[in-house]
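The structure under discussion appears below in the form of structure tokens.
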Amino acid sequence: MTQEPIYYHGTRADLQPGDLITAGHASNFGKRNQARFVYLTATLDAAIWGAELAVGSGRGRIYIVEPTGEIEDDPNLTNQRYPGNPTLSYRSRQPFRVVGEVKEWQGHSPERLQEMHDRLAVLKEQGIEAIED
């Protein structure tokens with residue numbers, strides 16, 4: 001018997017169990033266009049990055065979520081940038097339902113976080129945007 005993976009979504013939004021995370025909000029990256037997908041991951045580390053890099057003034061949060069529809073590999077982190085799907089990152093046009101919150105998690109060091117912000121700034125300067133096909 002195979003166990004279903006636990007999926008996470010990192011954000012700064014203040015959500016409650018039962019809330020739906022939907023597409024249509026401003027993206028956290030690039031030109032902040034209206035996102036056509038919602039994103040989740042099966043690794044806590046990738047969710048931590050999502051919480052730390054999300055735009056907004058609230059504190060970073062990591063929610064345990066369940067998809068309400070089909071999910072697919074996130075092309076922003078799979079094959080085109082990394083072989084396979086090492087971060088177990090996925091996306092969907094259908095909402096994710098919040099089923100819980102990871103209350104205790106350890107963020108990345110300030111130095112590592114700055115490295116990531118610097119890398120994202122370089123991608124922005126190069127005009128590299130999120131893949132929203």
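Readers should treat all values here as calculations from the given coordinates under stated rules, not as data from a laboratory. Here the structure is a predicted model, which is why all the values come from computation and not from measurement.
Structure values in brief
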quantity	calculated
Computed lengthening from Glu111 to Ile6, 0.36 nm per intervening residue step minus Cα-Cα distance	34.9 nm
Whole-Hz couplings from phi, Karplus 6.51/-1.76/1.60, listed for the range 62-73; x for Gly and Pro	10, 9, 8, 10, 10, x, 9, x, 5, 10, 9, 4
